[in-house]
Structure formats: structure tokens, C-alpha cells
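Here the structure is laid out as C-alpha cells; the discussion comes afterwards.
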Amino acid sequence: QVQLVESGGGLVQAGGSLRLSCAASGIFVSSSTMGWYRQAPEKQREFVATITSGGRTIVADSVKGRFTISRDNAENTVYLQMNSLKPEDTAVYFCGAPIRGSWGQGTQVTVSS
């Protein structure tokens with residue numbers, strides 16, 4: 001059974017940084033395509049970043065240059081480093097292995113202006 005547990009969310013001022021973590025079990029992040037998605041109130045879930053099994057990373061245009069996705073194979077954890085945060089980044093952030101249809105419970109990120 002795949003379990004993905006996000007952590008690291010919180011309240012931060014605009015311009016600040018947060019690092020989200022996604023601890024995985026039942027799946028190896030090193031051999032899976034993993035991604036971060038977010039959902040703001042009354043909006044659809046949207047893609048933020050992904051990392052493939054080969055280590056290729058793709059980030060959404062809206063966060064390019066500010067967010068970085070990475071992984072630690074030994075810890076079986078995927079990270080999302082978020083810098084220069086903006087109020088419009090406020091959302092619940094979800095970690096997922098979309099090809100497998102597995103998702104975490106989400107972690108709230110709130111950016112105040």
C-alpha cells in the first residue's frame with residue numbers, strides 16, 4: 001500500500017521560503033515519477049512540479065525560478081523548496097505519484113502580503 005505524507009506547510013510572509021517534504025512508503029521515489037500539485041480555494045488542482053525516475057524535473061511556469069523539486073533516495077522523500085513566495089501561492093499542496101494514482105493528504109501553505 002502506497003502512503004505519501006506531506007509536511008512543512010505553514011504561514012509565511014510574502015518573499016519568504018518554505019520547504020515541503022513528502023515521505024513515501026510502499027513506493028520508491030527513485031523509480032517513480034513524483035509530483036507536487038496545489039489547490040487553492042474554489043479552484044481546480046493544478047500542477048506545480050514533477051521529477052521523473054531519471055531525475056528530470058519540470059516546474060510550472062507560474063513557479064519557475066522560485067520553486068525547486070528534488071528527492072532524497074536514501075530517505076525515500078521528495079521535496080519542494082519554495083522561495084520568494086507570493087500570496088497567490090496560497091493553497092493546499094499535495095504530493096503524488098500520479099501514474100499510480102496515489103496522493104497524500106495535503107499540507108496547507110498560506111502566504112500573507
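Converting phi to 3J(HN,Hα) with the Karplus coefficients 6.51, -1.76 and 1.60 and the offset θ = phi - 60°, the range 8-20 yields x, x, x, 9, 9, 7, 4, x, x, 10, 9, 10, 8 Hz in sequence order, with x at every glycine or proline. Counting charges near Trp36 (Lys, Arg +1; Asp, Glu -1) among other residues having Cβ under 14 Å from its Cβ returns a value of +3. Listed values for the range 48-65 are Karplus-derived 3J(HN,Hα) couplings in whole Hz (6.51 cos²θ - 1.76 cosθ + 1.60, θ = phi - 60°), namely 10, 7, 9, 9, 8, 4, x, x, 6, 10, 9, 10, 5, 4, 5, 10, 4, x, and x replaces Gly and Pro. A DSSP coil position with no more than 12 other Cβ atoms inside 10 Å describes the following trypsin sites (Lys or Arg not before Pro) in the range 1-88: Lys43, Arg56, Lys64.
Over 22 Å apart: what share of the alpha carbon pairs of the chain falls there, rounded to a whole percent?
Result for the distance tail: 24 percent.
Roughly how compact is the range 12-56, stated as its Cα Rg over 2.2 N^0.38 Å to two decimals?
Details: Rg = 13.4 Å, N = 45, 2.2 N^0.38 = 9.3 Å.
After normalising by residue count via 2.2 N^0.38 Å, the value is 1.43.
Taking every protein chain into account, the accessible area of the range 31-107 amounts to 52 square angstrom per residue (probe 1.4 Å).
Remark: spin-label model distance Arg66-Ser30 equals 3.4 nm, labels positioned 7 Å along the Cα→Cβ axis.
Within the accessible surface of the chain, defined with a 1.4 Å probe on protein heavy atoms only, the carbon and sulfur portion equals 46 percent.
The values are calculated or read from the model by the stated rules, or taken from the named source; none is laboratory data. Bear in mind that the values here come from a model prediction, so they are computed numbers and not experimental data. Please note: Cβ atoms are built from the backbone with ideal geometry, for glycine as well, and neighbour counts cover all protein chains shown. Side chains included, ligands, DNA and RNA excluded: accessible areas come from the protein's heavy atoms. Shrake-Rupley method; radii C 1.70, N 1.55, O 1.52, S 1.80 Å.
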